[in-house]
1. Does A:A566 satisfy being within 7 Å of another protein chain (Cβ to nearest Cβ), under 25 Å from A:S673 (Cβ atoms) and touching a residue at least 24 places away in the same chain (Cβ under 8 Å)?
2. Among A:G100, A:G152, which is the only one that is over 30 Å from B:E263 (Cα atoms), open to solvent by 30 Å² or more (accessible area, probe 1.4 Å) and away from every other protein chain (no Cβ under 14 Å)?
3. Just checking, how many residues over the stretch A:537-563 are open to solvent by less than 20 Å² (accessible area, probe 1.4 Å), within 10 Å of chain B (Cβ to nearest Cβ) and in a loop (DSSP other than H, G, I, E, B)?
4. Among the listed residues B:T168, B:T180, identify the single one that is away from chain A (no Cβ under 11 Å) and farther than 20 Å from A:S164 by Cα.
5. Would you say A:V756 is part of a loop (DSSP other than H, G, I, E, B) and β-branched (V, I, T)?
6. Here are B:V216, B:V183, B:V203: which of them is of a type in the set (V, I, T), open to solvent by less than 10 Å² (accessible area, probe 1.4 Å), touching a strand residue (DSSP E or B) at 6+ places or on another chain (Cβ under 7 Å) and within 17 Å of B:P260 (Cα to Cα)?
7. Answer yes or no: is there a residue in the stretch B:29-44 that is within 14 Å of chain A (Cβ to nearest Cβ) and either without any contact (Cβ under 8 Å) to a residue 24 or more places away in the chain or open to solvent by less than 100 Å² (accessible area, probe 1.4 Å) (or both).
8. From the list A:G272, A:G240, which one is of a type in the set (G, A, S) and farther than 30 Å from A:M189 by Cβ?
Amino acid sequence: MKILQSWLQDFIDIDLTPEELAQKFTELGIEVASVEKKGADFEGVTVAQITHIENHPNSDHLHLVDLDLGGGKSQRVVCGAPNVAVGQKVPLAHVGARLGKVVLTPAKIRGVVSEGMICSSDELGLSNTRARGILVLDDNIPLGTDVRTLYGKADALFDLEITSNRPDLLSHLGVARELAVLLNKPVKMPKPQEFAGEGESLQVDIRAPQGCQRYTSRLIRGVKNAESPDFIKERLSAMGLNPKNALVDVTNYVMFELGQPLHAFDRNEIDGDTVVVRWAEKGEKFILLDGRELTLDEHALMIGDEHKATALAGIMGGQNSGIKENTTDIFIESAYFDAPTINKTSKKYGVSSDSSQRFERGADIGMTQLALKRATELFVAACGGTPSQISDVYPQPYENPVVSFTPAQINGILGTGIEEEKLKDIFSRLALHFDASGDVWSFQAPTHRRDLNHRWDLAEEAARFAGFDCIPAGQSRAFVGFTENPKGVDLLEILGDRLAGLGFYECKNIDFLGEKELQAFGFSTKNAVKIKNAMAKGWDYLRPTLLPSLLKNIAFNQSRGNHDLAFFEATRTFSLIKGFPAETYTISGVQCGQRVSVPFFKGNGDKPDFYFLKGILQAVLGSFEGVSFIPAKETPVYMHPKICMDIIVNGKKAGLFGAIHPLTLKHCGVKESEVWAFEFAVKPLEKNFSAQQFKPAKPAPTFPPSLRDLSVLVDKDVPYARLAEIVRQTALPVSVHFDLIDLYEGDRLPAGKKSVTFTLAFSAPDRTLKDTETEAAFNTLLEKLRTQAGAELR
Amino acid sequence: MNLQQFKELCAQIEREYTDKIASAADLNAVEELRVASLGRKGALTELLKNLKDFSIEEKKEAGPLGNALKAALTQALEEKTAALSAQALNEELNRVDLDLTLPARPAAMGKRHPLSIAQKRMTDILSKLGFTWAEGPWVEDEKHNFDMLNIPKHHPARDAQDTFFAETGSPLSLVLRTHTSNVQSRFMEKHKPPIRIMAPGRVFRNDSLDATHSPVFHQIEGLYVDKNVSMADLKRDLTAFMKGLLGDKTEIRFRPSFFPFTEPSAEVDVKCVFCEGKGCPICKGTGWIEMLGSGVVNPHVLKNCGIDPEIYSGYAFGMGVERLAMMMMDINDIRTFYENDLRILNQF
């Protein structure tokens, strides 16, 4: 909302600079987006012409400038502006001149006395531009002219950000009322000229009482459209509007002044003598003032006559009834329309106006008459004409609720100790009715403050007008209690830290992806959460997987010259289960290039392979019970068909890891043929995790193990997991730990065979094993491997 | 040989070999001295052979004398051997020529995302202030995201949020939550006061992606509901929170504002940490930086959640994680967080 300080001063006497006023707005909670100073806030500056320039004897950038002041007088001053030139007409401030709050005195500049100053526009307070140098005036301006006459009176234009709960501040009167409470000054309410009124206005028939609670109107007959008076044109221009003609301008002017939107119809476009306020018919067509055609439904509120609609109520008039240059009789509407109705319609059809923005926030139902009278006064002054009587249809006069409260309650909400007298003072200035005679006070807000409905609202008013700094930092209070973090949150933190420790960088990505990506990753659009009003194509769905984003992170980094990458993301993924959205915490990671991105002069070592990836997963998930990895039963399309393992938690698949399919890489723009990836859901791990449980320790063995190597030949297609399982499941009187230390396939072996070598560590918790015990255990294992996997000792 | 001669020879051997061992140049010389003194034909061995010719009385005197000498020489030889070995080892070590200033072998080290770091710091502080972590859905129904929070349908406050709507099979109209405040309505609906929770997480706004806007960003919400909770409690806790976040000298101020779910509402500024309130480009010369929105929980919100506002009251606040991270990490484009350029990620 733009507010002109001079306009404000029509309603309240304020003696504040624009800066001080802006500070007051901020204290009241009204954000000031900008302050634009206008006009001349100076005295004693006249037009002079430069006749001669010479260098200052003691400076290489200052000049001594001679000026012709007109009337045969001249003056020499010191000037440092780079743009000074002979022949220029410039504003010269004389000794004693006032520039804003500064009074000019003679100044000695590097040894030369300067009795006067050539001014820049900045020094005159004319603009905020950073144009360097003195202000150069038009050549035609006579010498000696008071520069003040070239720029109007000093003024300031504030751009205020009005929050949606304060529609009453969307006018000059409203802002003045607010300041009046703060500054404890009276509001000078407008007192428009009263007209007796000749003849009746049109009949008003409100057939949609829910949509329109008050309709005030009158006719003015015999007007002659004219240009608006200067003050209206100037003020509307300042508000950013192009003045058109008085019949149009006055409605806007009154709206900015009093906050009440008005609409003027051409009387002769209204059939009959009745104006109807009604709901639209379903499918009803209506052409707006701006030419757009709407097809309406029964929730839109219309103004019209018995035959047709003439306006979309409170939002915009129709093309058929607008004011024209030759309009002679006007019908002026000053109404109160229901806020949600206007909001709904404005949003639904995408039509918004200064009028609708006021109605949808809530106009002042008590303002319709005054606004109509003010408009009448201005219309008649500019265009003549004869006003009719006023018609005011207001079946149920509105009153705000009475709020009962005690001063202790107000201070309780705020945690303050504002004195009762101070509270009384503030509330009496705000209220329509205020009674503080008993222990319980009662307050009723005027109609323009519908936001003051309960004591919490009044507490805010008390704090605002007493100053928010009156709120102290309270005394400390007891601790509420202890609750553990949600398990998923803790797991995300722990697993994320592990991954970071293992060389993975955390990424954060926008949660959206497109249909193409869903398809490329084999996800059905039917099971993904779609965004109805996506902001861009390719951002239509919430991610069911984090891998596409991470692969794009790789592609992006490659384009920036980063090739050795290990990334992870830990956040929610989304899917639809039986049509309902489901959110799960998911952790995904990708790795490509060298393990370490910084080159090392001794070489970076081997490039990571599948077993590196498996090691990462083991390091991250190994501490959880019930986690195992098995070759994928079904490999998703985006994974390498032969290099993919499932992550099993408590017997169920919780995720996967392996190599990304090269076509998927291509699709994501990754310039690398080998990218290792993993993705798993966090939820299944929660069962095997508790922040409150510590894992019990097993004692470290006291007795040294007996070591044996076991080398066997088996068929090539026997997987390692089978052999390991046999070793693990063989019942032995001693315990055995085993590691694979060699795997060989080649010409030196019989065809179709491979050699597998374990190192076995046999031990017992209570003794060193005898050779015979070790030997027996070794032979038992060998026998099991032989009978169950066809293994032969090598 | 008589006892006297034996004693003299002992003394002579002791003198001779003690000196020689002490001045031996290397391990070979020590070995030669060992052979020459204690070897099969060594000087002391030879001398001790004479013991057999002595009387018992003489043996009692000569025997221990000889043994003591043998022990002394043995010890001297061992000590010399150890000393020379250590010396030899040190000489070898000193021949090592390694340029220690060469670059390190880089360890594979990853990092948490700057937003995670910022959020963790904030949740750590709030946790110390007694706030427990609460979660809520990111795809939320309009009831919990708007209606219960006193943001009615067909009100401009609702329009201001630039909401994403989700298309699902649910009979409810679902949105991507526009703020973390949905956790307020979710939590209060299920729990009785006292309540003291924080709710960090992602939120969504249908806003263009530019230097200062992102359709996805992070907030952290605080909520405290108990008997007699006031604006002063809010000021105390936010002062502690901001001191934790920005340092002990931090000052805050309240400015009136409007949020549908709080009444009274306050915008919270902190005294600019870069210029200590003197005015600088970061605080746009005002000396204060806008940090978060807050206020006393609107009684309608309590009522909507089944909490009696005549008995209980509360405060709530909400803060942007990106905003803080950008300020403290000197990042001036919000997109930086979502590009995930390794050269940025590896700095934190």
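The values are calculated or read from the model by the stated rules, or taken from the named source; none is laboratory data. This one's a predicted model, so the numbers in the text were calculated from it and none came from an experiment. Quick reminder, even Gly has a Cβ in these numbers, built from the backbone with ideal geometry, and neighbours come from all protein chains shown. Accessible surface is based on the protein model in full, side chains and every heavy atom, while ligands, DNA and RNA are left aside. Shrake-Rupley method; radii C 1.70, N 1.55, O 1.52, S 1.80 Å.
1. Judged against the criteria, A:A566 is a match.
2. Working: A:G100 fails: open to solvent by 30 Å² or more (accessible area, probe 1.4 Å).
Answer to the selection: A:G152.
3. Here the count works out to 1.
4. Values: B:T168 fails: away from chain A (no Cβ under 11 Å).
None of the others qualify; the one that does is B:T180.
5. Details: part of a loop (DSSP other than H, G, I, E, B): no; β-branched (V, I, T): yes.
No, not satisfied.
6. Numbers: B:V216 fails: within 17 Å of B:P260 (Cα to Cα); B:V203 fails: within 17 Å of B:P260 (Cα to Cα).
Testing whether each residue is of a type in the set (V, I, T), open to solvent by less than 10 Å² (accessible area, probe 1.4 Å), touching a strand residue (DSSP E or B) at 6+ places or on another chain (Cβ under 7 Å) and within 17 Å of B:P260 (Cα to Cα) leaves just B:V183.
7. Pass one, the stretch B:29-44, residues within 14 Å of chain A (Cβ to nearest Cβ): none.
No, every residue in the stretch B:29-44 fails to be within 14 Å of chain A (Cβ to nearest Cβ) and either without any contact (Cβ under 8 Å) to a residue 24 or more places away in the chain or open to solvent by less than 100 Å² (accessible area, probe 1.4 Å) (or both).
8. Working: A:G240 fails: farther than 30 Å from A:M189 by Cβ.
Unique residue meeting the criteria: A:G272.
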